[in-house]
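Just below is one structure, and these are the notes that go with it.
The values are calculated or read from the model by the stated rules, or taken from the named source; none is laboratory data. What you are looking at is a predicted structure, and each value in this text was computed from that prediction instead of being measured. Here the Cβ positions follow ideal geometry from the backbone for every residue, glycine too, while neighbour counts run over all protein chains shown. Quick note on the areas: whole protein, heavy atoms, side chains included, nothing else; ligands and nucleic acids left out. Shrake-Rupley method; radii C 1.70, N 1.55, O 1.52, S 1.80 Å.
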Amino acid sequence: MAEKKNLLVLDTMTRRLASIVNHLGASSQSDHPSLSQNDSYERVHGDVPSHDFVWRVIASDADSDKEFTDIIYEKAVREGIAKISINKPERMNAFRPNIVKELIRAFNDSRHDSSIGVVILTGKGTKAFCSGGDQALRTADGYSDNEDIGSLNVLDLQVY
């Protein structure tokens, strides 16, 4: 019984050591089969690009031609990546009706663009990604719209 436990401990230690060696990038891994490169990310997925992306700002979506004012919508040139940044750091990127509408338009645009495979959602500033709904615009019926188009509630946020 003790021998079986010792083998289990040895196996666990070997796997942990292999993980550390892979992490440190040691080159002498061919001596032991569990220390091979077969499990490394680069072996499976190829080299990770180290170049800087070229981002192209998208001023408005193709459907409405209405300019984005509360978000920054960008696409990486020839990379298949879109980035949507909530751009109200002075309000800790709190959701406002216009931000939600612009997010929906940007997500719809990226969904319909067959070259986009990944969308990054982020917020500008250093204090918060997004603090939730902007309470300054909260009314009894939901969040009031500055453009007087009506109130916004959770059902309006569905993106198909």
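Does ASP70 qualify as being modelled with pLDDT of 75 or more and surrounded by 10 or more Cβ atoms within 10 Å (Cβ to Cβ)? Break it down stepwise before answering.
Values: modelled with pLDDT of 75 or more: yes; surrounded by 10 or more Cβ atoms within 10 Å (Cβ to Cβ): yes.
So ASP70 fits the description; yes.
Go through the residues of region 104-113 one by one and say whether even a single one is out of contact with any Cys (no Cβ under 9 Å at 6 or more places or on another chain), open to solvent by 90 Å² or more (accessible area, probe 1.4 Å) and modelled with pLDDT of 90 or more.
Start the filter on region 104-113 by keeping residues that are out of contact with any Cys (no Cβ under 9 Å at 6 or more places or on another chain), which leaves 104-113.
Next, only the ones that are open to solvent by 90 Å² or more (accessible area, probe 1.4 Å) stay: 111-112.
With modelled with pLDDT of 90 or more added as a condition, the list becomes 111-112.
Yes: one or more hits.
Can you pull out every residue in region 77-100 that is assigned to a helix (DSSP H, G or I), touching a strand residue (DSSP E or B) at 6+ places or on another chain (Cβ under 8 Å) and open to solvent by 20 Å² or more (accessible area, probe 1.4 Å)? Spell out the reasoning first.
The initial filter retains those residues of region 77-100 that are assigned to a helix (DSSP H, G or I), namely 89-91, 97-100.
When the remaining residues are screened for being touching a strand residue (DSSP E or B) at 6+ places or on another chain (Cβ under 8 Å), the result is 89, 97, 99-100.
The one that is assigned to a helix (DSSP H, G or I), touching a strand residue (DSSP E or B) at 6+ places or on another chain (Cβ under 8 Å) and open to solvent by 20 Å² or more (accessible area, probe 1.4 Å): PRO89.
Which count do you get for residues in region 12-25 that are exposed (fewer than 10 other Cβ atoms within 10 Å of the Cβ) and at pLDDT 80 or above?
Total satisfying the criteria: 0.
Looking at VAL77, VAL9, which is the one that is modelled with pLDDT of 85 or more and among the β-branched types (Val, Ile, Thr)?
On the way: VAL9 fails: modelled with pLDDT of 85 or more.
Criteria check complete, one pass: VAL77.
For region 26-40, check the following and say yes or no: at least one residue is modelled with pLDDT of 55 or more, of a type in the set (S, T, N, Q) and part of a helix (DSSP H, G or I).
So in region 26-40, the residues modelled with pLDDT of 55 or more come out as 40.
Still in the list and also of a type in the set (S, T, N, Q): 40.
Narrowing further to those that are part of a helix (DSSP H, G or I): none.
No: zero hits.
Across region 42-67, which residue is modelled with the highest pLDDT among those that are surrounded by fewer than 10 Cβ atoms within 10 Å (Cβ to Cβ) and among the small types (Gly, Ala, Ser)?
SER50
Against the definition (at pLDDT below 85 and open to solvent by 70 Å² or more (accessible area, probe 1.4 Å)), how does ARG138 come out, yes or no?
Details: at pLDDT below 85: yes; open to solvent by 70 Å² or more (accessible area, probe 1.4 Å): yes.
Spelling it out, ARG138 is indeed at pLDDT below 85 and open to solvent by 70 Å² or more (accessible area, probe 1.4 Å).
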